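One structure is given below, encoded as structure tokens.
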Amino acid sequence: MPGRNFLFVPGPTNTPDRILRAMHVAMEDHRSSTFPGLAGPLFRDIRKVFKTETGQAFLFPASGTGAWEASLCNTLSPGDRVLAARFGQFSHLWIDMAQRLGLKVDVLETEWGEGAPVERYHAALAADKAHEIKAVLFTHNETATGVTSDVAGVRRALDDAKHPALLMVDGVSSIASLDFRMDEWGVDLAVTGSQKGFMLPAGLGIVCASKKALACYDKAKLARVFFDFGDMIKANATGYFPYTPSLPMLYGLRESLAMLLEEGLENVFARHHRLAEGTRAAVKAWGLSLCAKEPKWYSDTVSAILVPPGFNGAEVIDIAYRRYDLALGAGLARMAGKLFRIGHLGDLNELMLLGAIAGAEMAMRDVGIKVTPGSGVGAAEEYWRSTAKPLEKRDLPPRAPDAQPAAPAARPPVAAAR
Ligand code: PLP
């Protein structure tokens, strides 16, 4: 199909040309004397994005799933109890992993579309007087339902209950797009992947661990080899990795971090909020609802949009892809067919997102959903125009004078002509 594919799944996100160019490198010796010059600054700048001064950053050649596993297997032992809420497909998969690793998970079943239930976390922690719960698992942004939850709130729940459990946070679809404050929120293990806010291909599982988390490493008896923190710490201390790193990913990460820090993290977060608000204005104008049940849970990185009863979200997604070259996110597991998702994170601006909104609008009309043509696009446009920052005054070049009818050539006076 001619023209660009419009990639609007909530990860992988668009990789900017600047990053693609940075990744286009010849392979080199990852044990050379100059290699530490590449690796060292990455760990420093990753910590800035996680907002941690003291956290230890890890870069695994993996994805978010690998980062989940690394956080569990380096800090816990078989049979340990952990507490987690299940309120979407990704919180579910992390629970499933914990169970398959041999941990006992106290699951707080929560309706999909709601945020993580901070009060129920608190109640469970307060009831655990013997401190058998060793870790709390918390999904900051549930990508399947477009729901953002209150990490600071769960920290308060732990503190109020005077509970020493580790706080593990899945920030796969939040970190580098939404405000994330590892130190301030007392997060012990924060995990993410490279293919969302970092605007890279999938291929890095990124973890930051607090000192308290690292102190659990020696006692933790879950099996680990590839994801062993100890091997990584030893090799990283000299600027190297314990196994062959993916060089293009590291060069890409260097560029990604430079872009995020040049834009400024707070500006990145504000841009994501603005883009999300415009998308939500479109959803409202279509007369549709988000899966997220309350505004306090609305995600600034992904909107999960419920299709009206009697329609199949998968059909909207299929038509959008085959007819308009637009990739929308699917409804997952129990949300299959009930919704489609627009990812609005990463390297993105208003006009790109208008393309996705227009494409979703056309695909919905194609399957018979009654939306007024142009309504979503118009609402998003209005939101973005009305909230746009005023432009600084600048001197424009003077306007060209209006064309004048050519004056008739003056005749020389008769006397002068002689
Ligand atoms: N956690 C969340 C919130 C996610 O959105 C995803 C993937 O989309 C994952 C975990 C799993 O990450 P990955 O697919 O990179 O393994």
task = Would you work out what percent of the accessible area of the chain, with all protein chains in place, is carbon or sulfur (probe 1.4 Å)?
result = 55
message = Which residue fluctuates most in the GNM of the chain (Cα springs below 10 Å): L396, L158, L339?
response = L396
ask   = Hey, what did the range 164-291 get for relative contact order, percent, Cα under 8 Å, at least 6 apart?
value = 22
inquiry  = If I build a Gaussian network model for the chain, linking alpha-carbon pairs within less than 10 angstrom, which residue out of L332, L167, L59 has the largest mean-square fluctuation?
reply    = L332
request  = Take the chain, connect every pair of alpha-carbon atoms lying under 10 Å apart with a spring to form a Gaussian network, then pick out the residue of S246, S194, S289 with the largest mean-square fluctuation.
outcome  = S246
message = Please list 3J(HN,Hα) in residue order for the range 368-379, calculated via the Karplus relation 6.51 cos²θ - 1.76 cosθ + 1.60 where θ = phi - 60°; whole Hz, with x for glycine and proline.
response = x, 6, 7, 10, 6, x, x, 5, x, 4, x, 5
query = If we count every other residue with Cβ under 14 angstrom of S91's Cβ, Lys/Arg +1 and Asp/Glu -1, where does the sum land?
reply = -4
query = For helix 89-100, what angle does its Cα long axis make with the longest principal axis of the chain, in degrees from 0 to 90 and rounded to 10?
reply = 30
request  = Grab the beta carbon distance between D183 and N5, set R0 = 35 Å, and tell me the FRET efficiency rounded to 0.05.
outcome  = 0.35
request  = Note the full-extension length gain between A215 and E382 as 0.36 nm times their separation in residues minus their Cα-Cα distance, in nm to one decimal.
outcome  = 54.9 nm
request  = Express as a percent, rounded to the nearest 5, the fraction of DSSP beta bridges in the chain (both residues included) that run antiparallel.
outcome  = 50
task = Using only Cα atoms, locate the centre of the range 188-262 and the centre of the range 92-163, then give the distance between them in Å, rounded to an integer.
result = 23
inquiry  = Could you give the length gained by full extension between A130 and T238, i.e. 0.36 nm per residue of separation minus their alpha carbon distance, to one decimal place?
reply    = 34.8 nm
query = Which of the lysines could a cross-linker span from K219 if the Cα-Cα distance has to be under 30 Å and same-chain partners fewer than 8 positions apart are dropped?
reply = K48, K51, K104, K129, K134, K162, K211, K234
note = Ranking Y383, S91, L166 by how far each Cα lies towards the positive end of the charge dipole of the chain (+1 on Lys and Arg Cβ, -1 on Asp and Glu Cβ), the top one is Y383
note = Averaged per residue, the 1.4 Å probe accessible area of the range 207-322, protein heavy atoms only, in Å², is roughly 46
task = Per residue, how big is the convex hull around the C-alpha atoms of the chain? Give it to me in cubic angstrom, could you?
result = 220
note = Per residue, accessible area of the range 42-127 with a 1.4 Å probe, heavy atoms of protein chains only, in Å², comes to 35
Extension reserve of the K293-S77 stretch, reckoned as 0.36 nm per residue once the Cα distance is removed = 74.1 nm
key: Proximal lysines relative to K284, as straight alpha-carbon distance under 24 Å, when same-chain residues fewer than 8 apart are discounted   = K293, K296, K338, K370, K389
ask   = Add -39500 (n - 2.57) for each DSSP H run of 4 or more in the chain, then divide by its residues: what number comes out at 222 nm, to the nearest 500 deg cm²/dmol?
value = -12000 deg cm²/dmol
ask   = Taking the Cβ of L103 as the center, what net charge do the other residues with Cβ under 14 Å away carry, scoring Lys and Arg +1 and Asp and Glu -1?
value = +1
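The values are calculated or read from the model by the stated rules, or taken from the named source; none is laboratory data. Computed from a predicted model, the values in this text were never measured in an experiment. Glycine also receives a Cβ, built like all others from the backbone with ideal geometry; neighbour counts cover every protein chain displayed. Surface accessibility is based on the protein's heavy atoms, side chains included, excluding ligands, DNA and RNA. Shrake-Rupley method; radii C 1.70, N 1.55, O 1.52, S 1.80 Å.
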